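Engineer: Questions regarding the structure given below will be posed in turn.
Readers should treat all values here as calculations from the given coordinates under stated rules, not as data from a laboratory. Keep in mind that what you see is a predicted model, and the values were worked out from it rather than measured. No Cβ is skipped: glycine too gets one built from the backbone with ideal geometry, and neighbour counts run over all protein chains shown.
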């Protein structure tokens, strides 16, 4: 294969990768009072945003990444419904969690949003008896939908979470 063909193939691959990473940044809708924007930061992947949420917000609990094979068990979201995802969970007594998904399509996006809402409801049921002081965070979690991506962050710093998600 000559150099021109190889260069063209490499450029096509880089272009395709770049388009895939920016797929979530269209700012089509948001929830929980967060306004969406089309800033350069919107091109971050859902896993990068999950990592930034974890590293930039002060959490009471030590949040650890959930193994991908546990996503379906905890959230009820099957691997065939998302392109990429990252979830951070704590030890269980403190209501803090991060879940970020890039859905494969519109139908999967609705399924994921419903799964996130169900997860929050389950956490409320657990917390009301064991950790009632955590209910405030569960009553007002940050949930933002942008394009085919949905971001959820339960923390004591909703303003910072919304700023990171954009």
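Engineer: Where in the stretch 141-161 is the amide nitrogen less than 16 Å from a point lying 7 Å along the Cα-to-Cβ axis of residue 60?
Structural biologist: The answer is 141, 154-158.
Engineer: What Kirkwood hydrodynamic radius, in Å, does the stretch 24-165 give when the mean of 1/r is taken over all pairs of distinct Cα atoms and then inverted?
Structural biologist: Final number for the Kirkwood radius of the stretch 24-165 is 14.9 Å.
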